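The values are calculated or read from the model by the stated rules, or taken from the named source; none is laboratory data. This structure is a prediction, so every number in the text was calculated from the model and none was measured. Glycine also receives a Cβ, built like all others from the backbone with ideal geometry; neighbour counts cover every protein chain displayed. For the accessible areas, the whole protein counts, side chains as well, though only heavy atoms, and no ligand, DNA or RNA atoms are used. Shrake-Rupley method; radii C 1.70, N 1.55, O 1.52, S 1.80 Å.
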Amino acid sequence: MSLLLEVKNLSFNYGKQPILDDLSFTIEAGTIVGLVAPNGTGKSTLLRNVTGLLRPKHGTVSLLGHDSWHDRQEFLKHLFFLEDSTRLYEGLNPNELFGYVKDVWGGQLSVDRVVKVLRMDKYRKKRVASMSLGMKQHVLLGMYLISGADLLLFDEPLNGLDPTSIELFTRVFSQLKGQGKSILMSSHQLGNVTTMADSVMFLKDAHLQTFQTAAIDLQQKYDELFAVDEKLLEP
Ligand SMILES: Nc1ncnc2c1ncn2[C@@H]1O[C@H](COP(=O)(O)OP(=O)(O)OP(=O)(O)O)[C@@H](O)[C@H]1O
Ligand SMILES: [Mg+2]
């Protein structure tokens, strides 16, 4: 296995609230890692710190040996991250967005190929502004595919997808892995994380607990870590 991403002693606070406390982890080439935690725990904050959209208070992140701050241009060439579909340019259509990503990242796949694989023929010329959530999620995934980047970071990529699209996305992720790409994805869909990810990182109280997905029952571990009070509505 070869090392792709190395995160060392990463800490981040919002004001006085510690969100990430001294986190260290690595991601190997050709692996899928799930990031799981309840709402408001810090998954998006972690992804933003790893990519350098937020500056960590302490710690370092390096991708193929390129430091996220001191070697930023090289670092960014090897990853793709667009947090969610609200960040897409509303006035552009998939053809234009894909063309833009291809120009900047220079991935191998053609725009036509990605449109076909993701079954987007009917809306490849439709403006993002008039798309449904699921359609926008396809546009996002298309941009990741076009980029051809080695590390793909996703923040809840399965949100808003119908069962057929979830199946399609799952197959695409598995093929990306087969090509040696690595994926770090946050998700609330534990069933899908179980089938897709090699390992899962739970974020709790600003710390990570990592498990091989084959070694645990994800739902059981989730319930153990983030137990909900059964008697919610009792006065
Ligand atoms: N810009 C901000 N300023 C201050 N606090 C913030 C800011 N953004 C997020 N937070 C806080 O940081 C914590 C983690 O938020 P984050 O968005 O990372 O959670 P998350 O795990 O991605 O949640 P979700 O599952 O709802 O997407 C929350 O307590 C949130 O209120
Ligand atoms: Mg989030």
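Quick check on my filter: what residues within the stretch 23-51 are touching a residue at least 60 places away in the same chain (Cβ under 8 Å) and more than 16 Å from ligand 1 (Cβ to nearest atom)? If the condition is that a residue be touching a residue at least 60 places away in the same chain (Cβ under 8 Å) and more than 16 Å from ligand 1 (Cβ to nearest atom), then 25, 27, 28, 29, 30, 31, 32 are the ones that fit. State yes or no: is residue 122 modelled with pLDDT of 95 or more, open to solvent by 60 Å² or more (accessible area, probe 1.4 Å) and away from ligand 1 (no atom under 16 Å from the Cβ)? The answer is yes for residue 122.
If only residues of the stretch 155-170 that are within 16 Å of the chain's Cα centre (by Cα) and away from ligand 1 (no atom under 16 Å from the Cβ) are counted, the one that is farthest from residue 196 (Cα to Cα) is 161. Within the stretch 39-60, which residues are open to solvent by 30 Å² or more (accessible area, probe 1.4 Å), out of contact with any Lys or Arg (no Cβ under 9 Å at 6 or more places or on another chain) and either of a type in the set (Val, Ile, Thr) or within 16 Å of ligand 2 (Cβ to nearest atom) (or both)? Within the stretch 39-60, 39, 40, 44, 48, 53 qualify. Just to be sure, is residue 65 of a type in the set (Gly, Ala, Ser), away from ligand 2 (no atom under 14 Å from the Cβ) and open to solvent by 10 Å² or more (accessible area, probe 1.4 Å)? Taking the combined requirement at face value, the residue satisfies it.
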